[in-house]
Amino acid sequence: MIRVAAWNVNSVRQRIGHLVGWLKSFRPDVALLQELKCTTDGFPRLEVEDLGYNLAIVGQKTYNGVAILSRHPMTVEAERLPGAADDEQARYVEALIQHEKKVLRVASIYLPNGNPADSEKFTYKLAWLERLRRHAVALLSHEEPLVLGGDYNVVPTDDDVYDPEGWKDDALCRPESRAAFRRIVNLGLVDAYRALHSEPHRYTFWDYQAGRWQKDEGLRIDHLLLSPQAADLLTAADIDRGPRKQEKPSDHTPVWCELDL
DNA sequence: ATGCCGGGCGAAGCCCGA
């Protein structure tokens, strides 16, 4: 059994207390983190290593930044998403996890937001999604357990947003974003949360503004996509709302799954 | 129609996020 979680922490240095507490209590085998908002050297490495985690960090000053934390042996496979040599943004890290003579491949993904939807930022987002699709084709050819997890910045359907009408022109909900996300899923990946939960309006993000958390008006934009070989091992998945309830929280909360690996 | 909140940077106010 291996527990994998994805969490956009919105600054790992602001959230180190929350992160340590959550690692101690929830004890994920593998944690996929996004929005570190610090350089690789600036990551609070000792606090996490003291809990028994190996680290793979791809940081960047001020923006972005992703990491993989693993209680099991880990080898880094990629620190950039292939397909654009000039892309300097720290949004992808991929590793192999060794667990009792078996191997799990994971990636921590921080997709571009893409707003406003009439700008070059949206073009970059759609190109990033297409690069991810192409890379997923290559990864799926390994026919191994694989988890592509993180902040996709895509609301898959109107059931995944509190106000579909109000958000329909946003880059997170635009049909182009949803179609590009579906093209990835349709390669044969399984949304771990949706595989086990059909109820609408379950969220992983709530804006800090306008009391969105108190009103439970959020978005489901953090996803764990499983290869068929991982989906066959899926025993549980859920959203852990605990961290979002705390003082000075991230605006995201973790999504997790368990694989009978 | 816009800001609301919050983080980084850097020391006031702007950029960015979703």
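Results, tabulated for the structure shown:
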item: Assigned charges on the beta-carbon of Lys, Arg, Asp, Glu; chain A dipole about Cα centre (debye); result: 340
item: Cα-only Debye scattering, the stretch A:1-118: base-10 log of I(q)/I(0) at q = 0.13, 0.21 Å⁻¹; result: -0.48, -1.18
item: Order of A:VAL48, A:VAL9 under a 10 Å beta carbon neighbour criterion, fewest first; result: A:VAL48, A:VAL9
item: Total charge dipole magnitude, the stretch A:113-261, about the Cα centre, Cβ charges on Lys, Arg, Asp, Glu only, Debye to nearest 20; result: 300
item: Neighbourhood net charge (12 Å Cβ-Cβ; Lys/Arg +1, Asp/Glu -1) for A:CYS173; result: -4
item: For the stretch A:190-205, Karplus couplings with θ = phi - 60° (6.51, -1.76, 1.60), whole Hz, Gly/Pro x; result: 10, 6, 4, 5, 5, 5, 10, 9, 9, 5, x, 6, 10, 10, 10, 9
item: Mean separation of Cα contacts under 8 Å, 6 or more apart, over the residue count of the stretch A:165-261: relative contact order %; result: 27
item: Paramagnetic reach from A:ALA195 (point 7 Å along Cα→Cβ, amide N under 19 Å) across the stretch A:1-18; result: A:1-7
item: Average projection area in nm² (convex hull over Cα atoms of chain A, one quarter of hull surface); result: 12.8
item: Cα Rg over Rh - the stretch A:133-236, Kirkwood; result: 1.00
item: Segment A:LEU46-A:TYR208, extension gain: residue separation times 0.36 nm, minus the distance between their alpha carbons; result: 55.4 nm
item: For chain A, the longest site-free run once GluC sites (Glu not before Pro) in DSSP loop states with at most 11 other Cβ atoms within 10 Å are removed; result: A:144-246
item: Cα-centred dipole magnitude for the stretch A:89-172, charges only on beta-carbon of K, R (+1) and D, E (-1), debye, nearest 20; result: 640
item: Inter-label distance, nm, simple model (7 Å from Cα along the C-beta direction), A:ASP163/A:GLU79; result: 4.2
item: Calculated FRET efficiency for the pair A:ASN115/A:TYR63, C-beta based, R₀ 22 Å, to 0.05; result: 0.90
item: Helical segments meeting 18 Å axial Cα length and Kyte-Doolittle -0.5 threshold in chain A (DSSP H); result: A:120-140
item: Selection from A:THR123, A:ILE2, A:LEU46 lying farthest towards where the dipole of chain A points positive, charges on Cβ; result: A:LEU46
item: For chain A, with +1 on Lys and Arg beta carbons and -1 on Asp and Glu, the positive-most of A:GLY65, A:GLY17, A:LEU226 along the dipole; result: A:GLY17
item: Beta bridges per DSSP with both ends in the stretch A:1-68, % antiparallel, nearest 5; result: 55
item: The stretch A:1-61-the stretch A:199-234 distance, computed between alpha-carbon centres (Å); result: 19
item: Of A:LYS121/A:LYS248; A:LYS102/A:LYS245; A:LYS125/A:LYS215; A:LYS102/A:LYS125; A:LYS168/A:LYS248; A:LYS101/A:LYS121, pairs whose Cα-Cα distance is over 31 Å; result: A:LYS102/A:LYS245; A:LYS102/A:LYS125; A:LYS101/A:LYS121
item: Relative contact order [Cα under 8 Å, 6+ residues apart], the stretch A:85-187, whole percent; result: 28
item: Sparsely packed trypsin sites (Lys or Arg not before Pro) within the stretch A:32-132, loop by DSSP, other Cβ within 10 Å at most 15; result: A:LYS61, A:LYS101
item: Share antiparallel - DSSP beta bridges, chain A, percent rounded to 5; result: 80
item: MRE, 222 nm, helices only [DSSP H, n ≥ 4, -39500 (n - 2.57), over chain A, to nearest 500]; result: -6500 deg cm²/dmol
item: Average Cα contact separation per residue, the stretch A:23-118, under 8 Å, 6 or more apart, as relative contact order %; result: 26
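Read-outs: derived from the displayed coordinates by stated rules, not from any lab. Just so it is clear, the model here is predicted, and its values are computed rather than measured. FYI the Cβ positions are ideal-geometry reconstructions off the backbone, even for glycines, and counts take in every protein chain you see.
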